[in-house]
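The values are calculated or read from the model by the stated rules, or taken from the named source; none is laboratory data. Nothing here was measured: the structure is a model prediction, and the numbers come from that model. Because the Cβ atoms are built from the backbone with ideal geometry, glycine has one as well, and the counts that use them run over all protein chains shown. The protein model used for the area step is the full one, side chains on, heavy atoms only, and it has no ligands, DNA or RNA in it. Shrake-Rupley method; radii C 1.70, N 1.55, O 1.52, S 1.80 Å.
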Amino acid sequence: MITTLRSRLQNPFFVMTIVVAMFVLKASIKIWVGLQVNSPMIMGDGLHNVADIVESALVIVVLIISTRPRSQEYSLGRGNAEFFATLAVAVMLGFVAFEFVVRSIAGLALHFHWLGSGFAAAGDLLRHVWVVGPWLVERLTVKDIAPTEITGPMFPWVFGITLLSLVLSRLASHAQIKVGRNTGHAIVEAAGQETKSDSRVEMVTLVGIICEKLFTGLPWLEYAFALVVALVVARTAVDLFMESIRALCAKSIGLEIDEHLRGMCLKLHGVAEVASLGTFRVGPLGVVKVTLHTMLDAAIPALTEAVETQLRHYVITQGFLECQVDVTIKRPGADRHRIAYAVCCSRGEFQTIAATLESATHIVVVDIEYGEIDRATLHPLPKDVHAFLLLKHVRTVYVFDVQSQQASWDHKDVELQGSASYIPAAVGLVKPSR
Amino acid sequence: MAKASFSVCVVFGERRRQKSALRYAGDLARVLGADALHVYLPGGASTAAVPSLAGNTARSVQNERVARFVTELVAMPVVVHDDVDVATCNADQLPLNSIVVSADLAMRRTDINVLQPFEEVMVDRTQGGVLVPFGDGEAGIIAAALAVPLAAGLGLEVVFYHTTWPAAGETSTIAVDHMCCSAKAQFDRLGAMARAQGVSYRMEVEMSDDVVMGMLACALNGAISPNDPRAVSLVVMSHGVNTCIGSYVEKSLNKASTPMLAVGTWRERGGEQ
């Protein structure tokens, strides 16, 4: 029985259904009790729970959309639908936090005249600020917060129901956050964060009730406490907002993660360079797009598999449920250019790199590609070597005895270089073409 | 246990792959604590035609230039040899315990120890171990005879890799359970060799359909830990003495990116090239 329940608590749909049921129960009881004790605070809380029912139902709808299988049109799935909903939750949560801050400050202003006069002065200035100003002033000039009549005979009921509501909210938020993280559904985790914020509000309500009963001389206490909680809720809203924006704008899943992935690629034998690496998330899916350079064409299948395996494994350890790694491996720039060697040939075979141009029998024009000889053509030594090299677009000409040659070579457009060895094979001229 | 000394040899060349081989060879010689890197001129320069040069002989100028070129590249002492053509020489013309670092000789010389670094220029870039594949024959033992002292010299562990096909009637999903008795016996011998040299070792066994790709994946993904993937630094394989068609060494050389040392079987073949 417990095992079945535990396994079901791993299902986000089951958890969200339980949460909806919990909100229905809480809303019904709170509205009923609020009517009984004539408490707008409890009534308001109950109505807030009605909004939570709608929101939780929306979460389930978003879950249904986001868990639909990938298709040709949605090759990465619809996971980002969750972030649109999370964004909405963040905005709503922000509004709740703002409302709560304003009400707390307004409550404190009732008890501290310096604060009240400060607000009055600020209010006079704010009134002149377009539409928002008068609206803010309206909020800040609240005369009292939720007048309560809860210290009478109904006190045990009110206290018990608020406490029960608090406990239920904590349990529900714990389950939502856990299943959200485990299954990678950001929206369920966000809803859990909101439920947690609700529980904090309920905690403040409970403190307010207790303060009203016990510390009749310190009525401002509950407002001070409420202000702290409101700021915590505001921070949660900002976190959720930023997370949604990051995901929707395809921001990197983390610069440190990117750097680590880059380092992992460079540690693989055969990877010459990481040309580009980008990451982003789509719902619970981490996506890595990487382009690598290698000179080893034949090793590309093994390298591709290794990069996919290693990067996927690392990204999943960073809290993602799935990871898709798109690897492109290609050669770097070929740096194609032409060089030439002055050579001595006999019967069509290379004998040696000539000491100087004057002692050469032939010129070999060599096409260099990726630092290797791609093609070489043998030409009898022309009368005007410089003109011939320019015609062939040769960048550098090599002889063995460069010191002797330098005296007679004053051309800037074709560089003269000395070959370390006079052996044709040492410079890659292994097999003569004829 | 005294560490074996190795002579690191390399064929000189000015092209990209040859330069990579020079840098790798220099690093290998440095890590192994060799006094110098042995650089061989291609084709046996002493027999090659020599350009006419005023003053000094071209040969001495060339050797001096090559030594300077390589020293600048690898930052260690260099000995230039122009009297032996590594591509065609007898194995006993090379120094004792020699490892020839070359971009293209591993396919052509099965009698000498040839290390193909591919594009790698550093021996311990990954800090991974030395991978020695073994089967049920002698090839693994021949490879380990060189790999184990080499790993000791490099300060790396040895990973003995074996891939097996599922044994008939065996339902276990653990690859070791499918190993045949002779392969297990080989592993025992390999373990004894590693212990004798004081080298730490492990066995990595899997059931891979494609022996070469399985081995290469293991080399790249690193068998050290799935949470700390670290490609092995070097794969050491021996040409199978009895293999006549379909050498695993050649197949691996065609697909690998991990530096690979093909152990020569000159002695095993009775000194024949």
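A crude spin-label estimate for the pair residue B:145 and residue A:289, with each label 7 Å from Cα along the Cβ direction, gives 5.4 nm.
With a Förster radius of 60 Å applied to the C-beta separation of residue B:64 and residue B:206, the computed FRET efficiency comes to 0.70. Note: relative contact order over the range A:288-434, using C-alpha pairs below 8 Å and six or more positions apart, is 21 percent. Our summary gives the range A:302-366 a relative contact order of 25 percent, counting only alpha carbon pairs under 8 angstrom and 6 or more residues apart. Ranking B:60, A:327, B:234 by Cα position along the charge dipole of the protein assembly as shown, where only Lys, Arg, Asp and Glu carry charges on their C-beta atoms, puts A:327 farthest toward the positive end.
Leaving out ligands, DNA and RNA, calculate the buried accessible area for the pair B and A with a 1.4 Å probe, summed over both sides, in Å² to the nearest 100. Looking at B and A, the buried total is near 3500 Å².
For chain B, the 222 nm mean residue ellipticity estimated from helices alone, with every DSSP H stretch of n ≥ 4 adding -39500 (n - 2.57) and the total spread over all residues, rounds to -10000 deg cm²/dmol. Here residue B:16 sits with roughly 60 square angstrom of accessible surface, probe radius 1.4 Å.
Taking a ≥ b ≥ c as the square roots of the eigenvalues of the alpha carbon gyration tensor, the range B:145-261 is rounded, as a/c is under 1.5. The magnitude of the dipole of the range B:155-204, with charges of +1 and -1 set on the Cβ of Lys/Arg and Asp/Glu and taken from the Cα centre, is near 180 debye.
Heavy-atom accessible surface of the protein assembly as shown, averaged per residue, reaches 47 Å², computed with a 1.4 Å probe.
Pairs over the 19 Å Cα-Cα cut-off, from the set A:289/B:255; A:26/A:213; A:289/A:330: A:289/B:255; A:26/A:213.
Extension gain, residue A:415 to residue A:9: 0.36 nm times the residue separation minus the Cα-Cα distance gives 138.7 nm. FRET efficiency for the residue B:196 to residue A:246 pair, using the beta carbon distance and R₀ = 56 Å, is estimated at 0.50. Would you work out if the range A:1-94 is rounded, prolate or oblate? Take a ≥ b ≥ c from the square roots of the eigenvalues of the alpha-carbon gyration tensor; rounded if a/c is under 1.5, else prolate when a/b is larger than b/c, oblate otherwise. It comes out oblate by the Cα gyration axes. Once both labels are positioned 7 Å from their Cα atoms along Cα-to-Cβ, the gap between residue A:25 and residue A:112 label points is 4.0 nm.
Solvent-accessible surface (1.4 Å probe) assigned to residue B:201 amounts to roughly 70 Å².
Seen against the Cα atoms of chain B and their longest principal axis, helix B:139-154 is set at about 60 degrees.
Per-atom-type breakdown for the protein assembly as shown gives carbon and sulfur 58% of the accessible area (1.4 Å probe, protein chains only).
In this simple spin-label approximation, residue B:108 and residue A:61 carry label points 7 Å from Cα along the Cα→Cβ vector, and these lie 7.4 nm apart. Charges were assigned to the Cβ only: +1 to each Lys and Arg, -1 to each Asp and Glu. The resulting dipole of the protein assembly as shown about its Cα centre is roughly 600 debye.
Judged by the ratio a/c of the largest to the smallest principal axis of the C-alpha gyration tensor, the protein assembly as shown counts as prolate, that ratio being 1.5 or greater while a/b is larger than b/c.
Normalised by the number of residues in chain A, the average gap of Cα pairs under 8 Å and 6 or more apart makes the relative contact order 12 percent. Separation of the range B:74-117 from the range A:240-290 is 43 Å, based on Cα centroids.
For the pair residue A:379 and residue A:402, a Förster radius of 25 Å applied to the C-beta separation gives a FRET efficiency near 0.75, rounded to the nearest 0.05.
Compute the accessible area of each residue in the range A:282-308 twice, once for its chain alone and once with every protein chain present, using a 1.4 Å probe on heavy atoms, and list those whose area falls by at least 20 Å². Buried by the other chains: A:295, A:296, A:298, A:299, A:302, A:305, A:306. Rounded to the nearest 20, the Cβ-based charge dipole of the range A:213-286 about its Cα centre (Lys and Arg +1, Asp and Glu -1) stands at 140 debye.
To the nearest 10 degrees, how steeply does helix B:211-221 sit against the main Cα axis of chain B, on a 0 to 90 scale? Result, in degrees: 80. Seen against the Cα atoms of chain A and their longest principal axis, helix A:300-317 is set at about 20 degrees. Label point of residue A:54 set 7 angstrom out along Cα-Cβ; within the range A:166-196, amide nitrogens under 19 Å from it belong to A:191-192, A:194-195. Here the sum of -39500 (n - 2.57) over DSSP H runs of 4 or more residues, divided by the residues of chain A, equals -19000 deg cm²/dmol at 222 nm, to the nearest 500.
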